[in-house]
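What follows is a set of notes on a single structure, which appears directly below.
The values are calculated or read from the model by the stated rules, or taken from the named source; none is laboratory data. Source: prediction; values computed, not measured. Please note: Cβ atoms are built from the backbone with ideal geometry, for glycine as well, and neighbour counts cover all protein chains shown. Heavy atoms of the whole protein, side chains included, go into the accessibility calculation; ligands, DNA and RNA do not. Shrake-Rupley method; radii C 1.70, N 1.55, O 1.52, S 1.80 Å.
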Amino acid sequence: MSDTRIIKVNGRDVEVATNLTLLQACEAAGEEIPRFCYHERLSVAGNCRMCLIEVKGGPPKPVASCAQNVRDLRPGPNGEPPELFTNTPMVKKAREGVMEFLLINHPLDCPICDQGGECDLQDQAMAYGRDGSRYAENKRAVENKYMGPLIKTIMTRCIQCTRCVRFATEIAGVDDLGLVNRGEDAEITTYLEKTIESELTGNLIDICPVGALTSRPYAFEARPWELTKTETIDAMDAVGSNIRVDVRGREVLRILPRLHEDVNEEWISDKTRFVWDGLRRQRLDKPYIRENGRLRPARWDEALSLVASKLNAAPSDRIAAVVGDLVPTEAVKALKDLMRAIGSPHTDCRQDGAPIGAGPRESYLFNTGIAGLERADAILLIGTNPRHEAPLVNARIRKAWLANLDLKIGLIGETRDLTYAYEHLGEGPQTLAELAAGKGEFFETLKAAERPAIIIGMGALARPDGAAVLAAAAKLAQAAGAVKEGWNGFNVLHLAAGRVGALDLKFLPGEGGRDFAGILDSCQKREIDVVYNLGADEISVEKWDGAFVVYQGHHGDAGAHAADVILPGAAYTEQNAIFVNTEGRAQMARRAYFPFGEAREDWAIIRALSERVGKTLPYDDLFALRRAMIADAPVLGRIDKGPEAPALDLSKVGEQGPLGTAPFRSAVKDFYFTNAIARASKTMAECSAAMSGATKMAAE
């Protein structure tokens with residue numbers, strides 16, 4: 001049977017794949033088909049009937065185009081191609097009738113609805129509906145449901161398309177939503193009036209074609225035509241989701257996903273979507289200097305002069321610099337160049353102490369690629385909870401699991417509900433050592449697989465025996481054949497948006513230099529005089545005691561509390577920058593608005609400081625800096641280029657040594673509080689409380 005066939009759409013011949021639905025075939029021919037229940041990434045429900053078309057030779061009634069495939073069409077009596085019509089009087093009358101039924105109970109509240117201006121029902125009612133209604137009966141009212149702190153519900157607007165139910169069940173992997181009752185009593189509900197327990201809840205807002213599910217934090221904030229829209233990159237985790245930031249003035253009011261099939265498809269996590277209120281709270285908007293134990297506002301000239309005097313007064317081997325998790329590559333490059341010009345070897349970007357970055361680039365990347373997980377036929381998770389560390393990676397694993405019933409997934413670490421079935425192999429390094437030695441049933445599963453994938457999380461690497469764990473995982477990958485021609489199944493799952501870019505630029509200890517833990521230890525021993533802290537907020541304040549700390553960042557978090565001088569920088573939405581995701585994919589983030597107050601872009605602050613120190617950096621603008629940066633790390637110039645699965649010598653990954661006995665634990669304790677921006681967000685605090693059970697949830 002041929003994979004394609006010729007059909008006619010409105011009298012024009014078009015060749016389409018036989019596995020397409022009639023709706024997809026009509027769209028391939030350039031015709032627009034209205035729909036509410038149909039969504040390309042969800043199963044077919046066929047219950048809104050808005051996508052009706054006419055099939056010549058078919059039944060004397062319209063056909064739901066989403067629920068029939070091209071292969072099911074019959075040819076004409078003499079073998080003529082099947083014919084479809086999308087604009088006949090029959091189709092027009094049928095769509096008008098369907099729209100009239102859908103609007104029987106719909107409230108006339110467009111002027112106050114948050115979907116106004118972006119509502120599929122509104123648009124399609126104008127395009128395909130009648131100019132009035134013949135129904136004068138009372139409208140049905142439905143009680144609103146409580147779905148948590150993120151979703152606002154007005155269920156009287158619901159048209160029972162069931163998109164939200166299918167998304168929750170199929171993509172998010174939670175059974176919190178369902179359709180109950182029949183006929184006029186049918187309604188979407190959370191059954192027990194509770195928070196939807198998923199990290200992907202916000203996507204329900206996007207897929208709802210009416211105003212039944214809208215954003216609670218965004219409610220009554222703005223209309224879409226008031227907002228300036230900027231396409232950029234997310235920095236809440238290392239996935240590098242493509243997003244659109246909507247702002248009014250200098251106020252972010254909404255963050256939405258952008259389509260990128262290889263990274264986030266069209267979904268984003270709740271932290272990515274709703275962290276925007278944290279971007280304006282607890283901000284550093286002017287320089288500060290600590291005097292007599294208290295921070296006081298200062299001028300830029302005064303703050304930079306003080307920092308320069310401290311750097312010039314200290315011996316180069318008593319100066320250190322550290323980089324945090326949200327720092328773009330341009331700022332890392334500028335700080336590295338400044339430290340090397342000063343002569344300091346004490347530089348590090350690994351706040352958590354993970355022993356990665358010294359080996360080949362592929363030894364610290366997610367080499368399979370996020371989209372590549374769909375091709376894997378066996379997956380081993382080591383010391384990671386991808387549901388909290390990278391929800392979009394977890395969604396890909398679930399997608400692969402649903403598509404391939406033979407996919408085997410194993411886990412070494414703490415048990416969690418990951419939204420798919422897996423085999424719990426053990427909790428710690430001992431289990432990993434046994435697999436690396438070729439023992440166990442799951443080793444045979446990996447070895448027999450054509451495309452096995454091994455995913456190592458920071459819960460396995462950010463510990464004293466991390467290098468030995470990495471070496472054991474590499475040994476297992478080698479024994480199982482995870483790296484071969486055309487397939488690289490050795491993967492490190494990062495947590496920090498800025499980590500891979502900093503590793504690419506080798507912001508690591510120089511010759512004789514100390515790593516992050518060594519720098520902290522030296523501070524307490526009074527062996528380091530000055531520390532330049534670029535956005536490292538995951539270190540407790542007392543660890544910096546004994547050194548003069550310069551903090552450059554955008555939020556008043558732990559790093560600022562420990563600082564002697566604060567230089568206000570820009571957040572990821574406030575500067576043009578390059579971020580590299582866990583796959584090693586360099587992506588361009590664009591400035592949505594200018595930084596608050598007197599804050600400046602990160603690289604510009606370091607460039608200005610270098611002049612005061614007498615070590616002026618050789619670039620005056622972003623273009624010159626990027627040119628120098630790409631010369632240092634050419635991969636940063638290959639924008640949006642995914643993993644290439646090159647050969648990797650696994651014998652050079654990690655360091656042989658004794659494995660510890662402590663079980664692996666996920667590096668993320670609270671999904672909603674992983675960085676300074678999230679900790680400043682009131683919405684994230686509400687989500688954390690709701691998920692931890694700290695707040696008693698009841699129906700509104």
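Evaluate segment 578-587: report whether one residue or more is open to solvent by 50 Å² or more (accessible area, probe 1.4 Å) and among the polar types (S, T, N, Q). So far as segment 578-587 goes, no, none of its residues is open to solvent by 50 Å² or more (accessible area, probe 1.4 Å) and among the polar types (S, T, N, Q).
Residues to consider are Lys139, Lys145; find the one that is in contact with a Pro (Cβ under 7 Å, 6 or more places away or on another chain) and of a type outside the set (Gly, Ala, Ser).
Values: Lys145 fails: in contact with a Pro (Cβ under 7 Å, 6 or more places away or on another chain).
After applying the criteria, what remains is Lys139.
The set of residues in segment 1-37 being hydrophobic (A, V, I, L, M, F, W, C) and either assigned to a loop (DSSP other than H, G, I, E, B) or open to solvent by 10 Å² or more (accessible area, probe 1.4 Å) (or both) consists of Met1, Ile6, Val14, Ala17, Leu20, Ala28, Ala29, Ile33, Phe36, Cys37.
Scanning segment 392-406 for residues that are open to solvent by less than 10 Å² (accessible area, probe 1.4 Å) and either at pLDDT below 95 or small (Gly, Ala, Ser) (or both) yields a count of 1. Scanning segment 296-313 for residues that are closer than 24 Å to Gly556 by Cβ, in a helix (DSSP H, G or I) and in contact (Cβ under 8 Å) with a residue 12 or more places away in the chain yields Trp300, Glu302, Ala303, Leu304, Ser305, Leu306, Val307, Ala308, Lys310, Leu311. Applying the condition of being crowded, with 20+ Cβ neighbours inside 10 Å and part of a loop (DSSP other than H, G, I, E, B) to segment 69-87 and asking which residue is farthest from the chain's Cα centre (by Cα) yields Pro82.
Of all residues in segment 588-621, how many are open to solvent by 20 Å² or more (accessible area, probe 1.4 Å) and within 20 Å of Asp632 (Cα to Cα)?
Taking segment 588-621 and keeping what is open to solvent by 20 Å² or more (accessible area, probe 1.4 Å), we get 588, 590-591, 594, 596-598, 600-601, 603-604, 607-608, 611-612, 614-616, 618, 620-621.
Okay, now just the ones that are also within 20 Å of Asp632 (Cα to Cα), so 588, 603-604, 607, 615-616, 618, 620-621.
Of the residues in that region, 9 qualify.
Anything in segment 535-563 that is acidic (Asp, Glu) and either modelled with pLDDT of 95 or more or within 14 Å of Leu520 (Cα to Cα) (or both)? List them, or say none.
Asp537, Glu538, Glu542, Asp545
Considering only residues in segment 188-204 that are hydrophobic (A, V, I, L, M, F, W, C) and in contact with an Asp or Glu (Cβ under 9 Å, 6 or more places away or on another chain), the one that is farthest from Val174 (Cα to Cα) turns out to be Leu192. Across segment 314-345, the number of residues qualifying as touching a residue at least 40 places away in the same chain (Cβ under 8 Å), assigned to a helix (DSSP H, G or I) and small (Gly, Ala, Ser) comes to 3.
Given the residues Gly249, Gly293, which is the only one that is without any contact (Cβ under 8 Å) to a residue 24 or more places away in the chain and open to solvent by 20 Å² or more (accessible area, probe 1.4 Å)? Lay out the reasoning, then the answer.
Working: Gly249 fails: without any contact (Cβ under 8 Å) to a residue 24 or more places away in the chain.
The conditions single out Gly293.
Taking every residue in segment 602-627 that is on the phi < 0 side of the Ramachandran plot and of a type in the set (A, V, I, L, M) and pairing it with any residue that is modelled with pLDDT under 95 and assigned to a loop (DSSP other than H, G, I, E, B), at least 6 positions away or on another chain, the pairs with Cβ-Cβ distances below 7 Å are Leu625/Tyr619. Restricted to segment 252-283, and to residues there that are in a loop (DSSP other than H, G, I, E, B) and acidic (Asp, Glu), the residue that is least open to solvent (accessible area, probe 1.4 Å) is Glu266. Can we say Leu625 is over 30 Å from Phe274 (Cα atoms), among the aliphatic types (A, V, I, L, M) and assigned to a loop (DSSP other than H, G, I, E, B)? No; evaluated as a whole, the condition is false for this residue.
Selection of first residues in segment 7-19 that are free of Cβ contacts under 8 Å to residues at least 40 places away in the same chain and of second residues that are open to solvent by 30 Å² or more (accessible area, probe 1.4 Å), restricted to Cβ pairs under 7 Å at least 6 apart or on distinct chains, gives the following pairs, ordered by first then second residue: Val14/Ala28; Glu15/Thr4; Glu15/Ile6. From the set of residues in segment 346-391 that are more than 22 Å from the chain's Cα centre (by Cα) and in a loop (DSSP other than H, G, I, E, B), which is surrounded by the most Cβ atoms within 10 Å (Cβ to Cβ)? Only one residue fits best here, namely Ile356.
Let's see how each residue does on (1) free of Cβ contacts under 8 Å to residues at least 12 places away in the same chain; (2) open to solvent by 20 Å² or more (accessible area, probe 1.4 Å):
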site: Pro89; (1), (2): yes, yes
site: Gly117; (1), (2): no, yes
site: Ala127; (1), (2): no, yes
site: Gly148; (1), (2): no, no
site: Lys152; (1), (2): no, yes
